[in-house]
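Participant: This structure is in structure tokens; I'll ask about it shortly.
The values are calculated or read from the model by the stated rules, or taken from the named source; none is laboratory data. Please read these numbers as outputs of a predicted model, since none were measured by experiment. For neighbour counting, all protein chains shown are included, and Cβ atoms are generated from backbone atoms with ideal geometry for every residue, glycine included. In case anyone asks, the SASA skips ligands and DNA or RNA and just uses the protein heavy atoms, side chains included. Shrake-Rupley method; radii C 1.70, N 1.55, O 1.52, S 1.80 Å.
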Amino acid sequence: MMDRIRGKYAAFPLLALAEAYIIFFVGMLLATKPCFWGFLLAVLFVDILFGYWKTAVFVLAIFLPISGLAGLIALPGAGGVKALQLAGRFLCLAIAAIPTAVMEPVGLVRVMNRMGFPRYLTLGMLVTIRFVPYMAEEMMQIRTAMKSRGIRTGWYNPKFLYRALIIPVIIRIINISDLLTVSIETRGFVMKDVKATVYQVPSWSFKDTLYAVLLVLVVVVFSGMGVWHGTG
Amino acid sequence: MEQKNLVMKDIIFLAILSAALLLVSGLAMPLVMFTDIFGLRQMASALFFGLFLVIGLTKVPKKGALLFIGLFTGVVLLFMSPVMFWNNVIGALAAELVCFLIFRGYESKASKFVAATLFTPLTLPVTLVSSAIIKNETISSVWGEGILPAFMCVGTVLVSAFSSWLGFKICAELKRTGKLKL
């Protein structure tokens, strides 16, 4: 799925993370200012310019209805302006996450390994990220198995959740973790931070510099406008 | 002899458990996503966190286990929202610290219960402060009016305790099947 919405350009993993942080925080601080929507459009424009258009379309297709719904729900109690701000905050969260949404987790882990992060940390991170879709698949299989045995498998059925989902899932987790540990250890992976070669580490490119400069420019200009609106 | 430090097997188990925890707790999120009531999201996620944390701490009763679950669940959330990452990490760190000061580890059942029960409620102050900073509002306006937010906070503690109790129940069942040592 992620491969289909991934463009040619992938920002350096730490740049993508930093972008997500900065755009999110600046966006939240600007949410009450008139320049907020301009800020979101400018960030979106930079992302599209650097080839993230497929990701942007995907993320917006999910988050535009969610933002609209959030705004509509808040409308009666909070009023028009506050409801619009709430919808904007949801959109800001989505737009900030565009580069990280299609970031290869293994790329981030390789960069962190190169930077000397403890191996147990990077290994755990990679396993967690990789196993989210795998565990979803496992849960669906358990659900299908229970369904075929005539058990009512509604997600909000507490009896099903406890007896027929959580217990089998925990047993699967224990089995998978035992197998995976053996598999990793037989491949020579050790917890101690001994010297090891890290292959295919993503490197900082000229395009990364351009992307970073443009984003910093957007942040500086719109933060300035925000301060101007605040004092004016 | 039982090893005191975390080994590869522990890290892998905690990482996969974190992935499953994220998925299961995600089930409750659509119900509470659009609400501004302070504490409601924590109350919904407490139902799953307590349970999984007790199982995690029963299988890996070692110092740092809770922090690693917080860190691993936070890493996935980091791709969506940086605030949620810090929420989980600070919550785990605070719960781990409390347990370390009182129990000196996770050997006893009480220590596991306290750690799993405290984790989600301890994210409440972090959410309060970070929301106030991000929304550029005062803490009292994020908290909201009336008795409802206080009710949600108490509810979070109660749901978390119930969930931890349920975790012990599952652990007992897993022990009977020979999958878990208590």
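Participant: Any chance you could tell me what percent of the C-alpha pair distances in segment A:117-187 go past 21 Å?
Facilitator: Details: 915 of 2485 pairs.
Within segment A:117-187, distances greater than 21 Å cover 37 percent of Cα pairs.
Participant: Students sometimes get this wrong: rank A:Trp228, A:Trp204, B:Trp143 by accessible area, probe 1.4 Å, all chains present, largest first.
Facilitator: A:Trp228, A:Trp204, B:Trp143
Participant: Also, quick follow-up: Arrange the residues A:Ile23, B:Ile139 by how much accessible surface each exposes, largest first, with a 1.4 angstrom probe.
Facilitator: Putting A:Ile23, B:Ile139 in descending order of accessible area: B:Ile139, A:Ile23.
Participant: Counting only other chains, what is the mean number of Cβ atoms within 10 angstrom of the Cβ of each residue in peptide A:174-180?
Facilitator: If you average over the peptide's residues, the count of other-chain Cβ atoms is 5.
Participant: Going by accessible area, probe 1.4 Å, with all protein chains left in place, what is the ranking of A:Leu217, B:Leu148, B:Leu66, largest first?
Facilitator: In descending accessible area the options line up as A:Leu217, B:Leu148, B:Leu66.
Participant: For a bin width of 5 Å, list the pair-distance distribution of segment A:1-129 built from all Cα-Cα distances, rounded to whole %.
Facilitator: 2, 11, 18, 19, 17, 13, 10, 6, 3, 1, 0
Participant: When you have a sec, figure out the Kirkwood radius of segment B:113-182 from all distinct Cα pair distances and drop it here in Å to one decimal? Please report the intermediate quantities before stating the final value.
Facilitator: Numbers: mean 1/r = 0.0705 Å⁻¹.
Final number for the Kirkwood radius of segment B:113-182 is 14.2 Å.
Participant: Taking the alpha-carbon distance from B:Lys179 and a cut-off under 23 Å, which lysines remain once sequence neighbours fewer than 8 residues away in the same chain are dropped?
Facilitator: A:Lys159, B:Lys4, B:Lys9, B:Lys59, B:Lys62, B:Lys63, B:Lys109, B:Lys112, B:Lys169
Participant: Can you give the accessible area of B:Val126, probe radius 1.4 Å, in Å² rounded to 10?
Facilitator: 30 Å²
Participant: Sticking with the crude label model, points 7 Å out along Cα→Cβ, report the distance from A:Val213 to B:Leu101 in nm, one decimal please.
Facilitator: Going by the 7 Å Cα→Cβ label model, 5.1 nm.
Participant: Hey, with R₀ at 25 Å, roughly what FRET efficiency would A:Gln200 and A:Val220 work out to, going by the Cβ-Cβ distance, to 0.05?
Facilitator: According to the calculation, E is roughly 0.15.
Participant: Using only DSSP helix segments of four residues or longer, with each worth -39500 (n - 2.57), what per-residue ellipticity at 222 nm results for chain B after dividing by its residue count and rounding to 500?
Facilitator: Calculated at 222 nm, the ellipticity per residue is -26000 deg cm²/dmol.
Participant: Over chain A, what is the mean sequence separation of C-alpha contacts under 8 Å (at least six apart), divided by residue count, expressed as relative contact order in percent?
Facilitator: For chain A, the relative contact order is 31 percent.
Participant: Hey, another quick one. With only alpha-carbon pairs counted, each pair once and no self-pairs, how large is the Kirkwood hydrodynamic radius of chain A in angstroms? Walk me through the numbers before you get to the answer.
Facilitator: Working: mean 1/r = 0.0477 Å⁻¹.
For chain A, the Kirkwood estimate is 21.0 Å.
Participant: Still on this structure: Which trypsin sites (Lys or Arg not before Pro) from segment A:98-158 combine a DSSP loop assignment with at most 16 other Cβ atoms within 10 Å?
Facilitator: A:Arg149, A:Arg152
Participant: Let me ask something else about it. What average count of beta carbons from other chains do you get within 10 Å of the Cβ of residues in A:219-226?
Facilitator: Per residue, the average neighbour count from other chains is 0.
Participant: Calculate what fraction, in whole %, of the accessible area of segment A:117-187 sits on carbon and sulfur atoms when a 1.4 Å probe is rolled over the protein chains.
Facilitator: Answer for segment A:117-187: carbon and sulfur cover 62 percent of the accessible area.
Participant: Going by alpha carbons, how many degrees (0 to 90, nearest 10) lie between the helix axis of B:109-135 and the longest principal axis of chain B?
Facilitator: Result, in degrees: 30.
Participant: Compare A:Thr186, A:Thr55, A:Thr32 in a GNM of chain A, Cα atoms joined below 10 Å, and give the one with the largest fluctuation.
Facilitator: A:Thr186
Participant: Alpha carbons only, please: Rg and Dmax for segment A:1-54, in angstrom.
Facilitator: 12.6, 36
Participant: How far is helix A:80-96 tilted off the main Cα axis of chain A, in degrees rounded to 10, range 0 to 90?
Facilitator: So the helix axis and the longest Cα principal axis differ by about 60 degrees.
Participant: Using only protein heavy atoms and a 1.4 Å probe, how much accessible area in total is buried between A and B, to the nearest 100 Å²?
Facilitator: Roughly 4700 Å² of accessible surface disappears when A and B pair.
Participant: Across every pair of different alpha-carbon atoms, what Kirkwood hydrodynamic radius in Å does chain B reach?
Facilitator: That comes to 16.6 Å for chain B.
Participant: Need one value: the accessible area of A:Phe117 in square angstrom, 1.4 angstrom probe, rounded to the nearest 10.
Facilitator: Accessible area of A:Phe117: about 80 Å².
Participant: How are the Cα pair distances of the protein assembly as shown distributed, in percent, across 20 Å bins from 0?
Facilitator: 25, 56, 19, 0
Participant: Calculate how steeply helix A:119-148 sits against the longest principal axis of the alpha-carbon atoms of chain A, using the helix alpha-carbon long axis, and give the answer as 0 to 90 degrees to the nearest 10.
Facilitator: The two axes meet at around 70 degrees.
Participant: Okay, moving on. Per residue of A:159-169, count partner chain C-beta atoms within 10 Å of its C-beta, then hand back the mean as an integer.
Facilitator: Mean shielding count: 3.
Participant: Could I ask something else about it? Over the heavy atoms of B:Asp36, what accessible area does a 1.4 Å probe trace out, to the nearest 10 Å²?
Facilitator: We get 110 Å² for B:Asp36.
Participant: What whole-number value in Å² describes the accessible area per residue of the protein assembly as shown for a 1.4 Å probe?
Facilitator: Numbers: 20290 Å² over 414 residues.
On a per-residue basis, the protein assembly as shown sits at 49 Å².
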